[in-house]
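A.B. asks: Quick one: this structure, given as structure tokens, is what I'll be asking you about.
The values are calculated or read from the model by the stated rules, or taken from the named source; none is laboratory data. Fair warning: this is a prediction, and the values are worked out from it, not measured in the lab. FYI the Cβ positions are ideal-geometry reconstructions off the backbone, even for glycines, and counts take in every protein chain you see.
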Amino acid sequence: MTGLRILVVDDDPDLCRVACWTLEGMATCEVAHDLQSAARLLDASAFDLVLIDVTLRGESGLALLDQVRYRWPDTAATVISGSDDLDVAQEALARGALAYLVKPFRVNDLRIHVATVCATHRRMHASGACPPRAGIVAEIESMFASDTEVVCAVVEFRQLPLVGRAGTATSHELGDRLEQSARMLEGLDFVGVLGPASFVLAGPCELGATRADAPDLVRMAIDATARVPAGLGHLAPGFVVGVSVRSDDAETLLTEAEASARAALEHHVPALRFTSELEDAACDELELSSDLAAAIAGRDLRVAYQPQYLSGSLRVIGIEALARWHHATRGDVCPSVFVPIAERHGLIAPLGGHVLREACRAAANLTPDPARGPRISVNVSVAQLRDAAFTDTVLGALTEARLPAARLCLEVTESLVLEDTELLRAHFRRLSEYGIRWSLDDFGTGFSTFESLAEFPWSELKVDSTLTAQFERRSGREILRSIVAMAGRLDLDVVAEGVESTRQFEALRAIGFDAVQGYLMARPMPLERLREELAAPVARDLRTRFATAT
Ligand code: C2E
Ligand code: MG
Ligand code: MG
């Protein structure tokens, strides 16, 4: 058993000490108190097992599971928690933990647990069952022969209620259906499960007879068996297929198929085949994601703040926190580029947690009395809401900053409707009970607008700049008027985004928007400038500026 290397990730130094002492003689232990130091240690050397506390100073330990699964697949993970909540345990297992251990435990329990998990992990390795990727690569490798190419298809399910409640049974169910699909496709076998909603099919095909329509064939066959809920299929595909064909190198083949599936998701197309452009994009994305991981770990991400003004008094009513990343060689990278990368590479929880904590701290220190002052709005990706620990992360950030919950607003886009799960609703419910506001961001750009309005406890609608820019057209003004009227009936505040000119501002104010945000009033700015902005006699200054603005 000696030679085992274990990383204990817990913000409680006493628990770390007890774990190290308990495992002495059995394993070499290292300790990390937060996600960033854990990632640094895992990057620096190989570990057999990570013991991860479920909440770490307001961060979610479960976020580390995604990273372990993708970045260090040779490492087993056990989640340690003070809670015996079955939902949390199931989520941890669905996200790749081998076990879930409830505190307090007896000394010998931990020793036996570690011995069991490490032995199981090794056995799974040997049989190719785990890490799933290694087994899948080995099986694909065995399909190559001198005169054949191999087709590999990665099928990514998303946003299906079926997958939303990601549990092993669900994955198995989908896996079974995919096996049926594979049988319908001549020569393709079901090879394995990459993640709770990600599956791999592969099979040899004759050289020269490589099928250009392979992605669509795979998709059609799955369509026939996977039961995409009626009506959702064409709007937001319940799944996408990424396909690649090669005559050698199973690892690269699988990576290419995965990149194609991601590109299909990103471009909202049902199926894509790997191309050289995708290859460049995949390499670039890998490089950016590893730089982003380092930037998050080194706390190099900054937060910019953009005020929102009451349209009547021009008083600052809120402030939106926006993530900023300055890359050493590429310069400033847009959030619309790095946020989706963070979502795909298991980095969104640490990124979002960082912005949330910074923003709460900043808001608490803006005014002498933290109970009074403008609200702080923080953008939240739907990916963050898949994390059972999200509520605790938010409450932890508020407690740490001593910021009253009523001053925090969480902005989410309409895409969440497609992932309507019990877990997501529980986050809404619990955080609303604390007085946190929810804002429906980019309203008017999505597709399930009315459903999302009715289903969740929103406090605010943020109308997207593409709509607020329509103020000069009669039809645009009518649409904006209807939105404001509807918001009034539903008791929601309405904020206009992207206000760039005085004429636009006046028109939106006349239509009835409560609040406005945009370059006309202020661009996103560093915290120091925000303080000056708040200290300035804002309304008078703005009126002067509006009078001269074009
Ligand atoms: P968003 O939440 O809708 O944020 C508003 C975006 O509009 C910001 O872009 C802001 O700089 C820009 N903007 C504000 N006023 C004007 C204007 O008058 N004209 C124009 N053309 N643009 C204006 P930014 O900072 O590039 O952020 C883009 C998006 O990235 C955000 O859209 C948000 O969805 C996402 N994002 C930014 N920070 C975070 C974060 O910390 N977490 C998450 N999950 N997403 C973030
Ligand atoms: Mg926003
Ligand atoms: Mg927006």
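A.B. asks: Which numbered condition trips up Arg299, out of (1) closer than 22 Å to Thr55 by Cβ; (2) within 16 Å of ligand 2 (Cβ to nearest atom); (3) not in a helix (DSSP H, G or I)?
C.D. replies: (2)
A.B. asks: Against the conditions (1) within 16 Å of ligand 3 (Cβ to nearest atom); (2) more than 20 Å from Arg302 (Cβ to Cβ), where does Ala389 fall short? Just the number, please.
C.D. replies: Checking Ala389 against (1) within 16 Å of ligand 3 (Cβ to nearest atom); (2) more than 20 Å from Arg302 (Cβ to Cβ), the one that fails is (1).
A.B. asks: For the stretch 367-407, name all the residues that are closer than 23 Å to Val516 by Cα and at pLDDT 95 or above.
C.D. replies: The answer is Pro374, Arg375, Ile376, Ser377, Val378, Asn379, Val380, Ala405, Ala406, Arg407.
A.B. asks: A further question on this structure: Can you name the residue in the stretch 239-277 that is buried (at least 24 other Cβ atoms within 10 Å of the Cβ) and of a type in the set (S, T, N, Q) and, of all such residues, is farthest from Val339 (Cα to Cα)?
C.D. replies: Ser244
A.B. asks: I'd like to verify a number: residues in the stretch 81-116 that are under 22 Å from Phe47 (Cβ atoms) and among the charged types (D, E, K, R), how many?
C.D. replies: Selection size over the stretch 81-116: 4.
A.B. asks: Name every residue in the stretch 393-417 that is part of a helix (DSSP H, G or I) and either surrounded by 21 or more Cβ atoms within 10 Å (Cβ to Cβ) or within 16 Å of ligand 1 (Cβ to nearest atom) (or both), in order of residue number.
C.D. replies: Once the filter is applied, which keeps residues that are part of a helix (DSSP H, G or I) and either surrounded by 21 or more Cβ atoms within 10 Å (Cβ to Cβ) or within 16 Å of ligand 1 (Cβ to nearest atom) (or both), the stretch 393-417 yields Thr393, Val394, Gly396, Ala397, Leu398, Ala401, Arg407, Glu414, Ser415, Leu416, Val417.
A.B. asks: I'm trying to understand the selection: among the residues of the stretch 1-40, which are assigned to a helix (DSSP H, G or I), of a type in the set (A, V, I, L, M, F, W, C) and surrounded by fewer than 16 Cβ atoms within 10 Å (Cβ to Cβ)?
C.D. replies: Within the stretch 1-40, just Trp21 meets the criteria.
A.B. asks: While we're on this one: Could you tell me how many of the residues in the stretch 266-311 are under 15 Å from Ser244 (Cβ atoms) and β-branched (Val, Ile, Thr)?
C.D. replies: Counting residues in the stretch 266-311 that are under 15 Å from Ser244 (Cβ atoms) and β-branched (Val, Ile, Thr) gives 1.
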